[in-house]
Amino acid sequence: MTPSDHQSSTRAWSGTTPRAFSLIELLVVIAVIAILASLLLPALSGAKERAHRVQCLSNTRQFGLAAILYGQDNRELVPQHPIGGWWLWDLPQATKDALTNNAVRRETFYCPSLRASVKAFDPVVDWWDLNIIGYGWLGVRLDATGKPEPTQNSPSYMLPGKQFISRFTGNTNASLAELIVDPLLSVANTRDFLNPNSGLTPDGRHHNPHMLRRDPAGGNAFYVDGHSAWVRFVFMKMRYDPHDRVQWWW
């Protein structure tokens, strides 16, 4: 090897070795990633909830259209059968059968909100077999004689100005008369939407759909005139008191 070759070889191997990340630099990178994730995850969760809100709106529309189809074959009557419970989501079995006969699927009876505790398929509680749906049904219930159950529309149960619906025709302000509503419950005499109790859920609480921190963002509703709409919570009032376990429906 000539002296010049030795010098060339020395220059070739005298370059700086690539420097590895220090522990501090790695910790900084991890911290930045954690901050970005904390910013993005709520946005992704919010986007998913908004998508479920759209699906919920579609559910109320399909649910309502099945009721309208029933009415077209039954003198414009809303499906109505003997009462099976005092809660708005207690749907009489015969009413459920009448609606499913008009091509509405089981999943359509339940709000898909991520936060809703009443679901179409639940490994703990079979809500469907209990005739408990994921919406409030404001179709009239009947008493043992086949007449509208009178207690339902009494002022101590139903907020004045609201009522159970018996027909699709002849209603005052049909565009404001709800037939199907999201199940928003609070502890009675309060606006506590985080702690309504439940005798069926594993943690003993009802979890409301469409929650935004401590209050619901709103809820979807289907109206007697055939349209569905999202209603912001600020426009809602207490609707119904089932006189059971001290809960209010909004």
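Kindly establish whether T172 is loosely packed, with under 13 Cβ neighbours inside 10 Å, of a type outside the set (A, V, I, L, M), under 27 Å from R61 (Cα atoms) and free of Cβ contacts under 8 Å to residues at least 40 places away in the same chain. Spell out how you get there, then give the answer.
On the way: loosely packed, with under 13 Cβ neighbours inside 10 Å: yes; of a type outside the set (A, V, I, L, M): yes; under 27 Å from R61 (Cα atoms): yes; free of Cβ contacts under 8 Å to residues at least 40 places away in the same chain: yes.
So T172 fits the description; yes.
Exactly one condition in (1) under 25 Å from P196 (Cβ atoms); (2) not in a helix (DSSP H, G or I) is not met by N102; state its number.
Tallying (1) under 25 Å from P196 (Cβ atoms); (2) not in a helix (DSSP H, G or I), N102 fails exactly one: (1).
Could you list, in sequence order, all residues of the stretch 112-158 that are within 20 Å of N220 (Cα to Cα) and basic (K, R)?
Passing the criteria: R115, K119.
Suppose the filter is of a type in the set (A, V, I, L, M, F, W, C), closer than 22 Å to C111 by Cβ and surrounded by 15 or more Cβ atoms within 10 Å (Cβ to Cβ); does L212 pass it? Before you say what the answer is, go through the steps one by one.
Numbers: of a type in the set (A, V, I, L, M, F, W, C): yes; closer than 22 Å to C111 by Cβ: yes; surrounded by 15 or more Cβ atoms within 10 Å (Cβ to Cβ): no.
Answer is no for this residue.
Among the residues of the stretch 139-169, how many are surrounded by 13 or more Cβ atoms within 10 Å (Cβ to Cβ) and either among the charged types (D, E, K, R) or part of a loop (DSSP other than H, G, I, E, B) (or both)?
15
Hey, among the residues in the stretch 128-138 that are outside any strand (DSSP E or B) and buried (at least 21 other Cβ atoms within 10 Å of the Cβ), which one's nearest to the chain's Cα centre (by Cα)? Talk me through it step by step, then tell me what you get.
At the first step, the residues of the stretch 128-138 found to be outside any strand (DSSP E or B) are 128-131, 133, 135, 138.
Among the residues that remain, those that are also buried (at least 21 other Cβ atoms within 10 Å of the Cβ) are: 133, 135, 138.
Numbers: I133: 11, Y135: 8, L138: 17 Å.
It comes out as Y135.
When only residues in the stretch 215-250 that are of a type in the set (A, V, I, L, M) and over 25 Å from T151 (Cβ atoms) count, which is surrounded by the fewest Cβ atoms within 10 Å (Cβ to Cβ)? Spell out how you get there, then give the answer.
Within the stretch 215-250, the subset of a type in the set (A, V, I, L, M) is 217, 221, 224, 229, 231, 234, 236, 238, 246.
Filter once more, so that each one left must be over 25 Å from T151 (Cβ atoms): 217, 229, 231, 234.
On the way: A217: 17, A229: 15, V231: 17, V234: 8.
Only one residue fits best here, namely V234.
Considering only residues that are within 28 Å of L114 (Cβ to Cβ) and part of a loop (DSSP other than H, G, I, E, B), which ones fall in the stretch 170-188?
Within the stretch 170-188, the first condition is being within 28 Å of L114 (Cβ to Cβ), and the residues that meet it are 178-188.
Passing the criteria: D182, P183, L184, A188.
Among the residues of the stretch 154-166, is any of a type in the set (G, A, S), touching a strand residue (DSSP E or B) at 6+ places or on another chain (Cβ under 6 Å) and in contact (Cβ under 8 Å) with a residue 24 or more places away in the chain?
Our first condition is that a residue be of a type in the set (G, A, S); within the stretch 154-166, this holds for 154, 156, 161, 166.
Subsequent filtering for residues that are touching a strand residue (DSSP E or B) at 6+ places or on another chain (Cβ under 6 Å) retains none.
No, the stretch 154-166 contains no residue that is of a type in the set (G, A, S), touching a strand residue (DSSP E or B) at 6+ places or on another chain (Cβ under 6 Å) and in contact (Cβ under 8 Å) with a residue 24 or more places away in the chain.
Each row is one residue, and each column tells you yes or no for (1) of a type in the set (S, T, N, Q); (2) farther than 30 Å from D143 by Cα; (3) surrounded by 10 or more Cβ atoms within 10 Å (Cβ to Cβ); (4) modelled with pLDDT of 75 or more.
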| site | (1), (2), (3), (4) |
| --- | --- |
| Q7 | yes, yes, yes, no |
| I24 | no, yes, no, yes |
| V54 | no, yes, yes, yes |
| I68 | no, no, yes, yes |
| Q72 | yes, no, yes, yes |
| G84 | no, no, yes, yes |
| W87 | no, no, yes, yes |
| R105 | no, no, yes, yes |
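Against the condition touching a residue at least 24 places away in the same chain (Cβ under 8 Å), among the polar types (S, T, N, Q) and surrounded by 15 or more Cβ atoms within 10 Å (Cβ to Cβ), how does Q80 come out, does it pass? Talk me through it step by step, then tell me what you get.
Details: touching a residue at least 24 places away in the same chain (Cβ under 8 Å): yes; among the polar types (S, T, N, Q): yes; surrounded by 15 or more Cβ atoms within 10 Å (Cβ to Cβ): yes.
It is true that Q80 is touching a residue at least 24 places away in the same chain (Cβ under 8 Å), among the polar types (S, T, N, Q) and surrounded by 15 or more Cβ atoms within 10 Å (Cβ to Cβ).
Could you tell me which residue of the stretch 177-196 is surrounded by the most Cβ atoms within 10 Å (Cβ to Cβ), considering only residues that are under 18 Å from G218 (Cβ atoms) and of a type outside the set (A, V, I, L, M)?
So, considering only residues that are under 18 Å from G218 (Cβ atoms) and of a type outside the set (A, V, I, L, M), the one surrounded by the most Cβ atoms within 10 Å (Cβ to Cβ) is D182.
Out of curiosity, is D203 of a type in the set (D, E), assigned to a loop (DSSP other than H, G, I, E, B) and either modelled with pLDDT of 95 or more or more than 20 Å from L91 (Cα to Cα) (or both)? Explain how you work it out, then say what you get.
Values: of a type in the set (D, E): yes; assigned to a loop (DSSP other than H, G, I, E, B): yes; either modelled with pLDDT of 95 or more or more than 20 Å from L91 (Cα to Cα) (or both): yes.
Spelling it out, D203 is indeed of a type in the set (D, E), assigned to a loop (DSSP other than H, G, I, E, B) and either modelled with pLDDT of 95 or more or more than 20 Å from L91 (Cα to Cα) (or both).
Yes or no, residue by residue, for (1) modelled with pLDDT of 90 or more; (2) of a type in the set (G, A, S):
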{"site": "A221", "(1), (2)": "yes, yes"}
{"site": "D225", "(1), (2)": "yes, no"}
{"site": "A229", "(1), (2)": "yes, yes"}
{"site": "R232", "(1), (2)": "yes, no"}
{"site": "F235", "(1), (2)": "yes, no"}
{"site": "R239", "(1), (2)": "no, no"}
{"site": "W249", "(1), (2)": "yes, no"}
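Testing D192 on (1) touching a helix residue (DSSP H, G or I) at 6+ places or on another chain (Cβ under 6 Å); (2) free of Cβ contacts under 8 Å to residues at least 40 places away in the same chain, one condition comes back false. Which one is that?
Unmet condition: (1).
The values are calculated or read from the model by the stated rules, or taken from the named source; none is laboratory data. Computed from a prediction, not measured in an experiment: that's the story for all the values here. Positions of Cβ are generated from backbone atoms using ideal geometry, with glycine treated the same way; all protein chains shown enter the neighbour counts.
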